[in-house]
Each structure stands twice: as C-alpha cells, then as structure tokens.
1. Restricting attention to helices (runs of 4 or more DSSP H) lying wholly within the stretch 186-304, give those where 1 or more residues are at pLDDT 90 or above.
2. Report yes if R324 is surrounded by fewer than 24 Cβ atoms within 10 Å (Cβ to Cβ), of a type in the set (K, R), closer than 22 Å to I88 by Cβ and over 12 Å from the mean Cα position of the chain (by Cα), otherwise no.
3. Applying the selection to the stretch 27-52, what residues are more than 21 Å from G215 (Cα to Cα), open to solvent by less than 80 Å² (accessible area, probe 1.4 Å) and not small (G, A, S)?
4. Of the numbered conditions (1) at pLDDT 90 or above; (2) aliphatic (A, V, I, L, M); (3) closer than 23 Å to L223 by Cβ, I77 satisfies every one except a single condition; which is it?
5. Test I115 against the criterion of being free of Cβ contacts under 8 Å to residues at least 40 places away in the same chain and in contact with a helix residue (DSSP H, G or I) (Cβ under 6 Å, 6 or more places away or on another chain), and give yes or no.
6. In the stretch 161-174, what residues are polar (S, T, N, Q), free of Cβ contacts under 8 Å to residues at least 24 places away in the same chain and either exposed (fewer than 15 other Cβ atoms within 10 Å of the Cβ) or closer than 17 Å to L240 by Cβ (or both)?
7. A101 fails exactly one of the following numbered conditions: (1) without any contact (Cβ under 8 Å) to a residue 12 or more places away in the chain; (2) of a type in the set (A, V, I, L, M); (3) within 30 Å of E247 (Cβ to Cβ). What is the number of that condition?
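The values are calculated or read from the model by the stated rules, or taken from the named source; none is laboratory data. Remember, it's a predicted structure, so these values are computed and weren't measured experimentally. Glycine gets a Cβ as well: all are built from the backbone with ideal geometry, and neighbour counts include every protein chain shown. Ligands, DNA and RNA are stripped out before the accessible areas are found, and what is left, the full protein with its side chains, is counted by its heavy atoms. Shrake-Rupley method; radii C 1.70, N 1.55, O 1.52, S 1.80 Å.
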Amino acid sequence: MSQPDAASADAIRQDRRFASGPWPWIAAAVTLLAAALLNLGAGPTEIPPSTLLRLLISRLPGLSLMPDWPATFQTIIFDIRLPHTLLIGLAGLALGGSGAAYQGLFRNPLADPYILGVASGAGLGAVLAMSLAWPQDLLGLAAVPAAAFGGALLTTAMVYLLARTGQTAPATTLILAGVAVGILASALTSLVLLLASDELRRAISWLLGGFSIGGWGPPLISLPYLAVSLGVLVAIGRPLDVLQVGEEQALQLGLDVARLRRVTVIAASMAAATAVAFAGIIGFVGLIVPHIVRLLWGPDHRRLIPLSCFGGAIMLWLADMAARTVLAPRSLPVGIVTAVIGVPFFLVLLRRSRREFYG
C-alpha cells in the first residue's frame, strides 16, 4: 500500500471510530444543551447566558443564589419560555424520530412524518374546531389540539384500512392511499376555511406551525404519548435494519414484515400527531434531520432514530429562535423558517435521487 493510501485508510478508521462509541451521544448532548439555552435566552427581551444559567441554578433544590436580575426575568423564563421551549423540543423529538422511522420503513429517502396524511388530517380537525368558535378559555383552547390529534389518528387509520390487502398493507399501497386521503383532507380543510372566514388568520397561523397553548399543560400532556411512541420506534431499530435488505430477504431471515410495518405506522403516526396537535404543522424537520444524522453517524437505525430525535429538537429550537428574533417583537410561524431551510435541501435531495435512479 502506498503512503497516500495508508493515510486514507487511517482517516477512514478514525472517522469510523468517531462515528461509533460514545462520540455521537456526547456531540448530541452538548449541542442539545446549547440549542436549548439559546432558545431560552432569545426573544424580544434578551436574557444574557450567565443570567439565564444563574436563574436555572437558583431553582435547583438545596441551592440558593442572591437574585441580581429583574423580577420579570423569572416570570419570562419559568412561566413563558421554559414551557414553550420544552414543547418545541418535544415536537422536534417526535418529527425527527418518526421521519427516520418512516424513511427506514419505506426505504425511501423522501419519506417524512406526514407521508400517510397525518398533517392533512390534523389540519382538518384543527380547522373544524376553530370554525366552531369555542370560548377562549382553557377548555376551548384545548379543543383545537384534541381535534387535531383525533383527525391525525383517524386519517392514519383510514389510510391503513384502505391500503390493507388481507393481513398485510404493502408499502407502495400505503403511500398511494396516504396521498389520496391527504388530498381529500386538504380539500375539506380549504372548504371549511372558505365557509368560516372569521377564523382564517388563526387557522393559517396554526397550519404554518404558529399555534400553541401557553403554559405547562401542553408539554405535560404530550409527554406520555411521546414516551410510548418514541420508545417503540427506538426499540424497533434493529428490525428496521434487517428490512433494508429487502422484504423477501427479511422474510427469509425470520422478520415479520407485516407486523413491523403495522407497529411502525402506529408509533410514528402517534408521535407525529402529538407534535402537530400542539405545535401546528411544521414541515421538513422529519425529512432533513435523518439525512444529516445518516451522513454523520451512519445508517444503523439503533443509533439513527434516537439521534434523529435529538437532531429534530435542535433544529426546531434554532428555527424557533430565528422565528422569534428576525422580526422582533413580532413572531413568525416556525413552519415558515423550516420551509425556507427545507425547500432547497429537498430540491438537492430530489436531484440526487433522480441522478442515482437514472444512473
């Protein structure tokens, strides 16, 4: 082996060592913490990082710090920004993890969490709830995420029933049924918006990822759903790896493909529905993040899915920070920011996929 070849081999071995072991988790944890702190500190009232850290430390049991910050900082952080940051982070976890699972299930790099009509069903449910002019109390506001969650799950169930042939639901049929049902739900959403013009602005804001209920209620309500659904997705990482060799080969290796597809669709759809219900429709996170994680750390789904969860939270925190600061004191729907980032990425990915397909 020549000297340049030996150097290249050493570099490859170093990259493999970096992509394995604890390094991906250390990098993800450090970046996750930094993005969370940046999101907490950003806004119309900017809070310096040192003050923010002291504020957070002051709430730890057994520690007491002399407050040298304005009293309004505590209200801003603990009553407004901290629950908002937690909600956005949970939505990012759900979208990143479900996107990675769907891409593995369908073996399609263009798959995302909304491929089976979750977003369209959630949008229809939310807009229907808004058109009923619920009172602006807590119960009335909670009707929107509840209707969105129900609409997303109902749409997914309809897609699966339409695609099922006997005891199985082929991947191609699932995708086609998801497209058809999603178009129908989007058309019905447009019809409801035309008939209920008073709620048009609020509905459009929600459809762009701009609706969320303040306070600690939404993140606490969404936690059990996400814990179950994302836990299932992380647990099926190894079967998804086996599926990448092809369905026929996976069946010969003893994998129950029909059961894996059913479990993945249910868990990924529940995660995406929970994110959409409380944070609105936020596109491209579940498409972009798994690709970035796959390029950095490899295609092993046992590592890809949890790291995509962390990457989704990081991306959504940074996008939300930009949405709250670009036109401060006005706040943009975070879906606009993710679309500005995601559309060029999607076009590059589409061009690359076409080039690989046509050789």
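1. Filter on the stretch 186-304 gives 217-235, 237-243, 247-252, 257-279, 285-297.
2. yes
3. Once the filter is applied, which keeps residues that are more than 21 Å from G215 (Cα to Cα), open to solvent by less than 80 Å² (accessible area, probe 1.4 Å) and not small (G, A, S), the stretch 27-52 yields T31, L32, P48, T51.
4. In the conditions (1) at pLDDT 90 or above; (2) aliphatic (A, V, I, L, M); (3) closer than 23 Å to L223 by Cβ, I77 misses (1) alone.
5. No; evaluated as a whole, the condition is false for this residue.
6. The answer is T165, T172.
7. Against the list (1) without any contact (Cβ under 8 Å) to a residue 12 or more places away in the chain; (2) of a type in the set (A, V, I, L, M); (3) within 30 Å of E247 (Cβ to Cβ), A101 comes up short only on (1).
Listed here are the residues, each with its yes/no results for (1) open to solvent by less than 80 Å² (accessible area, probe 1.4 Å); (2) over 20 Å from L90 (Cβ atoms).
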residue	(1), (2)
G151	yes, no
V159	yes, yes
L176	no, yes
V179	yes, yes
L188	yes, yes
P218	yes, no
I221	no, no
